[in-house]
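Everything below concerns the one structure shown next.
The values are calculated or read from the model by the stated rules, or taken from the named source; none is laboratory data. Just so it is clear, the model here is predicted, and its values are computed rather than measured. Here the Cβ positions follow ideal geometry from the backbone for every residue, glycine too, while neighbour counts run over all protein chains shown. For the accessible areas, the whole protein counts, side chains as well, though only heavy atoms, and no ligand, DNA or RNA atoms are used. Shrake-Rupley method; radii C 1.70, N 1.55, O 1.52, S 1.80 Å.
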Amino acid sequence: YRVKHAGGNQVLHFDARMGEPARQRQLDRDLHAAQERGQLRLHYQGRYSLQGALVGFEALIRWAHPERGLLGPGTFIPLAERTRLILPMGAWVLREACSQAVQWDFAGRHLCMSVNVSPLQFEQLSFVDEVRAALNLTGLRPEALVLELTESLVMRDLDRARSHIEALQELGVQVAMDDFGTGYSSLSVLQALPFDHLKIDRSFTQGLATGPEHHTGSQRVSRLMGAMIGLAHTLQMQVTVEGVEHAAQLDLLRQLGCDHVQGYLLTRPLPPQEARQQLPPLPPGVSAPADFPDPS
Ligand code: C2E
Ligand code: MG
Ligand code: MG
Ligand code: MG
């Protein structure tokens with residue numbers, strides 16, 4: 001039979017004939033090659049204080065696929081985790097983000113680079129050594145690095161998680177709990193582990209200040225948000241709220257005493273050449289690295 005549009009669309013034709021397992025194997029082969037061919041990229045999304053100052057960037061991985069265009073992590077991270085390719089990939093992300101932070105003089109600007117860490121990577125006994133090696137290799141000051149962990153990640157082995165987090169903090173690296181509030185045991189994780197930062201998941205932000213003024217649902221979300229911010233402060237953690245898309249949400253978060261925000265309202269994740277435009281001028285008396293004015 002005829003596949004609609006198949007003549008003009010090779011990808012559709014190819015997909016229609018290939019079973020799902022074969023497709024996954026193809027993607028896996030492509031992904032292995034991607035790393036070798038330099039198709040993996042980091043984009044950077046700014047994190048801002050409620051006073052509007054840039055406080056850092058989060059590194060977010062992308063795959064510049066030759067046929068399918070720029071792919072987000074949702075399309076290939078799960079596969080990379082199944083095949084353990086995430087281990088070399090995660091190590092690359094860490095080195096690349098640290099090296100970018102040095103190039104942008106994060107230490108002189110008092111900025112932080114946040115890096116997402118996968119469960120498999122974090123569980124390695126050598127993980128802390130890997131972080132130390134990335135810092136030594138790039139010369140980034142540990143204080144300028146934040147590692148983002150998710151609850152599912154740390155729950156797999158709480159004792160190992162605690163010892164890794166404490167060793168990282170010993171080094172001077174900061175640790176954030178990402179996507180807070182979406183797991184099944186967010187509070188027990190906070191009881192067990194000494195995070196420096198809490199990132200409240202964007203699913204909470206979505207319901208914030210978007211309904212009619214006195215809509216009971218949005219009032220409840222806003223109280224919940226306030227309580228989570230209070231909880232973080234009680235435990236001496238800094239709070240970032242993710243997924244801020246509307247000015248009204250920003251206003252409300254300011255009233256609620258939130259520390260930092262991230263979201264499309266402020267900036268989308270951007271390739272390095274565009275992200276660097278957001279860097280503030282260097283404080284007086286601090287000189288930029290010699291190569292700074294060159295495009296990265
Ligand atoms: P995350 O760490 O929670 O990152 C935030 C995600 O929300 C990013 O999606 C970002 O683009 C998106 N986002 C930011 N602001 C907004 C907004 O205002 N509205 C909406 N709708 N979305 C917003 P992205 O880049 O697709 O990354 C998805 C997830 O993939 C990340 O969630 C993180 O868990 C994972 N990831 C990304 N990069 C890496 C990496 O290098 N290593 C590992 N292991 N995981 C990564
Ligand atoms: Mg994150
Ligand atoms: Mg998150
Ligand atoms: Mg998320």
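Quote the relative contact order of the chain in percent (integer), defining contacts as alpha-carbon pairs under 8 Å separated by 6+ residues. Walk me through the numbers on the way to the answer.
Working: 437 pairs, mean separation 51.8, N = 296.
Relative contact order, the chain: 17 percent.
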Taking the Cα-to-Cβ direction at THR182 and at THR210 and moving 7 Å from each Cα, how far apart do the two end points lie in nm?
1.4 nm
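Mind checking the per residue accessible area of the chain for me, 1.4 Å probe, whole number of Å²? Display every interim value, and only then the final one.
On the way: 15120 Å² over 296 residues.
Per-residue accessible area for the chain comes out at 51 Å².
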Most to least packed among 245-251, 86-92 [average Cβ atoms within 10 Å]:
86-92, 245-251
Gain in length, HIS246 to GLN191, computed as 0.36 nm per residue apart minus the alpha-carbon separation, to one decimal in nm?
16.6 nm
May I ask you to list the chymotrypsin sites (Phe, Trp or Tyr not before Pro) in region 108-189 that are in a DSSP loop and have at most 13 other Cβ atoms within 10 Å of their Cβ?
TYR184
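Give the carbon-plus-sulfur fraction of the accessible surface of region 104-209 in %, rounded to a whole number; probe 1.4 Å, heavy atoms of protein chains only.
49 percent
Please give the FRET efficiency for ARG23 paired with ALA64, using the beta carbon to beta carbon distance and R0 = 22 Å, rounded to the nearest 0.05.
On the way: r = 20 Å, r/R0 = 0.89.
Rounded to the nearest 0.05, the efficiency is 0.65.
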Rough spin-label spacing in nm, given labels placed 7 Å along Cα→Cβ, for TRP92 and ARG162:
3.6 nm
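Let me check I've understood the local charge: for PHE204, count other residues with C-beta under 12 angstrom from its C-beta, Lys and Arg +1, Asp and Glu -1. What total comes out? The partial results should precede the final answer.
Numbers: positive: LYS199, ARG202, ARG220, ARG223; negative: ASP179, ASP201, GLU242.
Every neighbour counted, the sum reads +1.
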